[in-house]
Every structure is written in structure tokens, then in C-alpha cells.
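Below: one structure, written as C-alpha cells.
The values are calculated or read from the model by the stated rules, or taken from the named source; none is laboratory data. Please read all numbers here as calculations on a predicted model, not as lab measurements. Counting neighbours? That spans all protein chains shown, and the Cβs are built from the backbone with ideal geometry, glycine included.
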Amino acid sequence: MNDSQAKPKRRRPQWVDPRALPPLPPSPRERLRHYLLLIRFHRPIGTLLLLWPCLWALWIAADGVPDPLVLAVFVAGTFLMRSAGCAINDYADRDIDPHVARTSERPLAAGLVSPREALYVAGGLSLVAFGLVLLMNTLTILLSVVGLLLAATYPFAKRYTHLPQVHLGAAFGWAVPMAFAAQANALPPTAWLLYLAAILWATIYDTMYAMADRPEDLKIGVKSTAILFGDADLFILAVLQGLFTITLAVVGHQAGLGWPFAIGLMTAVGFMVYHQRLIADREPALCFRAFLNNNWLGIAVTVGVLADYALRT
């Protein structure tokens with residue numbers, strides 16, 4: 001047998017460390033799960049805090065009987081726009097979240113979702129929400145453009161101002177004038193007064209949220225009302241809570257609301273006192289609990305408004 005007929009020698013396969021291989025692309029089910037985490041589907045607190053003032057506005061604008069289509073559009077729109085806001089917020093904070101313990105495991109910060117995907121999710125949800133708004137009147141459609149600008153710019157506010165919580169309030173509360181526009185095709189003074197109440201409330205609970213992150217925000221240079229207020233935070237929050245209560249009381253008077261609303265508002269005041277006790281020592285975990293507990297404050301006012309109109313019939 002000559003050399004040309006010799007059998008080639010088999011090469012022994014080389015061992016490859018699996019960790020050196022590129023990761024497999026996620027399955028459609030895993031990708032959906034990552035998107036749901038991106039929009040905080042597992043944490044509906046943001047949607048609820050956005051929903052309650054919207055319901056106050058709808059019931060007052062409709063004198064207790066909101067149009068079913070308007071109600072359905074605003075409930076769905078609340079979920080869609082809050083979800084889109086979470087996606088664009090994570091995109092804006094993609095260089096910040098990895099350095100904050102509480103946010104480091106968010107899908108974008110953890111590399112489970114790309115920045116481009118986050119923008120696609122935010123854009124897609126916003127388009128669906130705008131499609132629902134097109135079912136409403138012209139005034140509501142025009143107001144929705146302002147709402148979109150407020151929601152899109154909020155995540156970037158913390159880089160330029162110590163008042164991103166006020167910006168959040170303006171964005172979250174914009175559902176109030178939109179609800180009046182959709183239900184009554186008008187923007188009476190009560191609508192703007194209730195909008196002010198929504199801004200005050202959001203500033204209050206989001207400052208409590210920021211107090212939980214204040215130590216880390218100071219390290220990485222993120223601005224917030226919690227940092228701006230400093231040692232006067234408890235006093236300023238108490239003042240804002242008082243203004244919020246007075247504003248809601250005036251709204252109730254203008255809308256002709258009676259004792260059921262008064263009970264709901266007094267219950268809300270009780271929750272505010274409880275929140276002050278929680279944040280008294282500025283313990284981050286308790287500040288975050290106070291933020292979460294604001295949901296019950298919103299429920300108390302909502303029950304008061306709805307009960308007031310229900311007992312009239």
C-alpha cells in the first residue's frame with residue numbers, strides 16, 4: 001500500500017467549554033416572558049395608581065354614569081400607556097439600572113431585552129393606545145398628543161431636573177382632562193382642579209419611591225425630589241398631602257359630592273398619616289412600602305366617589 005492509499009488519521013474532537021459558546025436565542029415563550037417583565041405586568045401598582053384619578057374624572061364628568069365605550073377605552077389605555085412608559089423608562093435608564101440593586105435585574109439591564117426591542121415594545125403599545133383614542137372625539141384625540149409627549153419625556157427628566165416626580169404627575173394625571181374631554185367634550189374648571197390633585201398625589205407617592213433609592217441615586221448622580229427636599233422631606237410631603245386633601249375636598253364640593261365621598265377622603269387622610277409613620281426614619285424598605293400603600297388611598301377615594309353617585313339612584 002502506497003502513501004496515496006493510506007487511510008487518513010482521525011482527529012480527536014476537541015473539548016469546547018459550553019460557557020464560551022454564544023447563547024441560544026430565546027424561545028418565543030421566553031421572549032414573551034421577558035417583554036411582560038419589561039412592562040411590569042407582574043407589578044400592576046403603576047397601572048392602578050394611574051387608573052384611580054382617571055376613574056374619579058370619568059365619574060364626575062359623567063355625573064355618575066360614564067359611557068361604557070369611554071370607560072373601556074380609558075381602562076385599556078391606562079394599562080397600555082403605563083406599560084409603554086415602563087419600556088421607554090428602562091430604555092432611558094439602560095446605563096443606570098445595572099448600577100442600582102433594585103433595578104439591576106430588569107430585562108434590559110440584565111441583557112434579556114435589547115434597547116431596540118424596548119423601543120419596539122413601547123412604540124407598539126403606544127400605537128395600540130392611540131388607535132383606541134381614535135374612537136373618541138376630536139378634543140380627546142388632540143389632548144392625547146400632549147399626553148404622549150409628557151409620557152415620552154418623563155424618563156429623561158431625572159437627568160436635567162430635581163422635579164421628575166412632578167413631571168410624572170403631569171404625565172399620569174393627564175388622563176384626567178382627557179377623561180373629561182372624552183365624556184363631556186369639555187374642560188371645566190373642575191377638570192383642571194382634579195388634574196392638580198393628581199399631580200400632587202403622584203409627586204407625593206413617587207417622592208416616597210425616590211426616598212427608597214436616594215442613597216444609590218446620590219452615588220450615580222440621578223436627580224429627584226427626595227434629593228431636592230433633603231432633610232425637609234417629611235415636612236414638605238406633609239404640606240403636599242395637605243394641599244392634595246384640600247384640592248380633592250374642593251373638587252368634591254364643586255361636583256356636589258356628599259357624605260360617602262367625605263368618608264372616602266377621610267379614610268385617605270388616615271392612610272396619609274400611616275405613610276408619614278412609615279417614612280419617619282427614612283428606611284428604604286419602609287419608604288417603598290409607603291409608596292405601595294398609596295394604592296389603598298386611591299381605592300378609598302374611588303370607593304367614596306362611586307358610592308356617592310350610586311346612592312343617588
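Table for the structure above
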| read-out | value |
| --- | --- |
| Test: Q254 is more than 23 Å from the chain's Cα centre (by Cα) and not charged (D, E, K, R) | yes |
| Some residue of the stretch 53-67 being surrounded by fewer than 21 Cβ atoms within 10 Å (Cβ to Cβ), of a type in the set (D, E, K, R) and touching a residue at least 40 places away in the same chain (Cβ under 8 Å) | yes |
| Filter result for A210 (within 27 Å of A72 (Cβ to Cβ) and either assigned to a helix (DSSP H, G or I) or among the aliphatic types (A, V, I, L, M) (or both)) | no |
| Checklist (1) within 20 Å of L297 (Cβ to Cβ); (2) surrounded by fewer than 19 Cβ atoms within 10 Å (Cβ to Cβ) applied to K219, failing item | (1) |
| One residue from A92, A122, A101 being farther than 16 Å from L37 by Cβ and under 17 Å from the mean Cα position of the chain (by Cα) | A92 |
| Inter-residue pairs, beta-carbon under 7 Å, first under 26 Å from P66 (Cβ atoms) and modelled with pLDDT of 90 or more and in the stretch 136-157, second surrounded by fewer than 17 Cβ atoms within 10 Å (Cβ to Cβ) and of a type in the set (S, T, N, Q), 6+ apart | N137/N185; L139/N185 |
| Test result for A268, within 27 Å of P155 (Cα to Cα), without any contact (Cβ under 8 Å) to a residue 60 or more places away in the chain and aliphatic (A, V, I, L, M) | no |
| Which listed residue, of L257, L234, is over 26 Å from R43 (Cα atoms), buried (at least 18 other Cβ atoms within 10 Å of the Cβ) and out of contact with any strand residue (DSSP E or B) (no Cβ under 8 Å at 6 or more places or on another chain) | L257 |
| Condition met for A76 (out of contact with any Asp or Glu (no Cβ under 8 Å at 6 or more places or on another chain) and either free of Cβ contacts under 8 Å to residues at least 60 places away in the same chain or not aromatic (F, W, Y) (or both)) | yes |
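Every residue, every condition in (1) at pLDDT below 90; (2) polar (S, T, N, Q); (3) over 30 Å from T103 (Cβ atoms); (4) not in a helix (DSSP H, G or I), yes or no:
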| residue | (1), (2), (3), (4) |
| --- | --- |
| E30 | yes, no, no, no |
| L37 | no, no, no, no |
| T47 | no, yes, no, no |
| L50 | no, no, no, no |
| P53 | no, no, no, no |
| W56 | no, no, yes, no |
| V65 | no, no, yes, yes |
| L69 | no, no, yes, no |
